[in-house]
1. When region 348-369 is examined, which residues are found to be hydrophobic (A, V, I, L, M, F, W, C), part of a helix (DSSP H, G or I) and farther than 16 Å from L146 by Cα?
2. Take the residues in region 67-85 that are out of contact with any Lys or Arg (no Cβ under 9 Å at 6 or more places or on another chain) and surrounded by fewer than 20 Cβ atoms within 10 Å (Cβ to Cβ), then tell me which one is nearest to W51 (Cα to Cα).
3. Do you know which residues across region 218-232 are over 21 Å from D177 (Cα atoms), among the charged types (D, E, K, R) and in a loop (DSSP other than H, G, I, E, B)?
4. Take the residues in region 185-205 that are assigned to a loop (DSSP other than H, G, I, E, B) and touching a strand residue (DSSP E or B) at 6+ places or on another chain (Cβ under 7 Å); name whichever of them is nearest to S130 (Cα to Cα).
5. Can you find a residue that is more than 20 Å from the chain's Cα centre (by Cα), within 16 Å of the ligand (Cβ to nearest atom) and within 20 Å of G169 (Cβ to Cβ) anywhere in region 304-316?
6. Determine, yes or no, whether N54 is under 21 Å from A289 (Cβ atoms), modelled with pLDDT under 95 and not aliphatic (A, V, I, L, M).
7. Condition test on E297, is it within 25 Å of K242 (Cα to Cα) and among the charged types (D, E, K, R)?
Amino acid sequence: MKRKDFLKKGIIAGAAGATLLNACTDEATSSNTGPAIITDKKIRWKMVTTWPPNFPILDEGCRNLAKWINVMSGGRIEIEVYHGGVLVPPLQTFEAVSSGAAEMGHGVAYYWAGIQPAFQYFSSVPFGLSAQQMNAWLFGGGGMDLYTELYADYNLVPFIAGNTGVQMGGWFNKKIDSVADFKGLKMRMPGLGGKVLQKMGGTAVLSPGSELYTNLERGVIDATEWIGPYHDYTMGFHQIAKYYYYPGWHETGSSLECIVNKRDFENLTPDLQEIVRTAMYRSNQWILAQFESKNNEYLQRIKDESDVQILPFSDEVLDALKEKAMEMYAELTANDAKAKRVHDSVWKFKKMISEWHETSEKKFLNNLQ
Ligand code: CA
């Protein structure tokens, strides 16, 4: 089916669903004696995702989310999960949910940078927040209010539904001893991190995940970032790269999101809305826990099974990357009031929580061993 036809069909199906639900709600609220919830009306939703089939952690994460909502709702909501490309191309997920062609979508907010640059702050930005700081900003520091407000313009209710934790700096076949080593470096680095790399004198290459191994092996690229030890191991990079650098300055804790069509969400009864919201919280925790525990295990496997040198970027390199990142932010926010507003909220929060973490997390982690 052509995408246009699908969207059209989806919108018609969505509109019909909304009418049915409105009718149920009217009936429930107009009767004082009748049941508050019509339990025999099954709500069937489609969740489109940006992920390929069997994508580690996230595929299971989407299925869990659908299952938890189904079980908690006593079967009143049934969600079918579709991998990227099955109903719509992965990067059309936002548009599909916004238009109502699908009721839910799972992905990462920085995929929608072309729609609204400010969205990137709800996933991860260079030298941004850690997973713990991100959750604190979203749920305690006003982040969710901004997120909800910005997505409402696109007929969406956004939820945070997971986090990758801090990522790795990437796989290199060239040693990075100093700032000069970035000159001419061809590296797969999407998004804002790619802009920083360009400012360092490198070339940001946009390769799809499926081509990364071959491109790195054949020297088409000198380096690539991916995610963290677990996903990177499954890609086999440790078999072909010499160096594995850390930390992932470009993705300091990337939030995964699940978006819901605003009209579909508002048509749910309040108890079902809470069920959806609660399942998202569980998913947020579950996915982060999987990333952290698997990365822990697979970092060890990479050490045991390969000769890859696992190295930190030097302070000199990180300072230079940070300086270029700040230049990039100045450009990003100069003529974009929304991006500026979200940026200022994140950075104000980051400054404060960094001081707190200086005396709590950091001090503790430095003395772990
Ligand atoms: Ca990455």
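1. M352, I353, W356, F364, L365
2. Restricting to residues being out of contact with any Lys or Arg (no Cβ under 9 Å at 6 or more places or on another chain) and surrounded by fewer than 20 Cβ atoms within 10 Å (Cβ to Cβ), the top hit is H83.
3. Passing the criteria: only R218.
4. Start the filter on region 185-205 by keeping residues that are assigned to a loop (DSSP other than H, G, I, E, B), which leaves 185, 189-190, 200-202.
From what is left, the residues that are touching a strand residue (DSSP E or B) at 6+ places or on another chain (Cβ under 7 Å) are 185, 189, 202.
On the way: L185: 27, M189: 19, G202: 26 Å.
Among residues in region 185-205 that are assigned to a loop (DSSP other than H, G, I, E, B) and touching a strand residue (DSSP E or B) at 6+ places or on another chain (Cβ under 7 Å), the one nearest to S130 (Cα to Cα) is M189.
5. If we filter region 304-316 for residues that are more than 20 Å from the chain's Cα centre (by Cα), which is where we start, we get 304-316.
Cutting the leftovers down to within 16 Å of the ligand (Cβ to nearest atom) gives us 313.
Filter once more, so that each one left must be within 20 Å of G169 (Cβ to Cβ): 313.
Checked region 304-316: at least one residue is more than 20 Å from the chain's Cα centre (by Cα), within 16 Å of the ligand (Cβ to nearest atom) and within 20 Å of G169 (Cβ to Cβ).
6. Values: under 21 Å from A289 (Cβ atoms): yes; modelled with pLDDT under 95: yes; not aliphatic (A, V, I, L, M): yes.
When the stated conditions are applied, N54 passes them.
7. Numbers: within 25 Å of K242 (Cα to Cα): yes; among the charged types (D, E, K, R): yes.
Taking the combined requirement at face value, the residue satisfies it.
Every residue, every condition in (1) surrounded by fewer than 20 Cβ atoms within 10 Å (Cβ to Cβ); (2) away from the ligand (no atom under 15 Å from the Cβ); (3) at pLDDT below 95, yes or no:
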| residue | (1), (2), (3) |
| --- | --- |
| A118 | no, yes, no |
| Q132 | yes, yes, no |
| G141 | no, yes, no |
| G169 | no, no, no |
| A180 | yes, yes, no |
| G193 | no, no, no |
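The values are calculated or read from the model by the stated rules, or taken from the named source; none is laboratory data. Since the structure is predicted, the reported quantities are computational estimates derived from the model, not experimental observations. Reconstructed Cβ throughout: ideal geometry from the backbone, glycine too, with neighbour counts over all protein chains shown.
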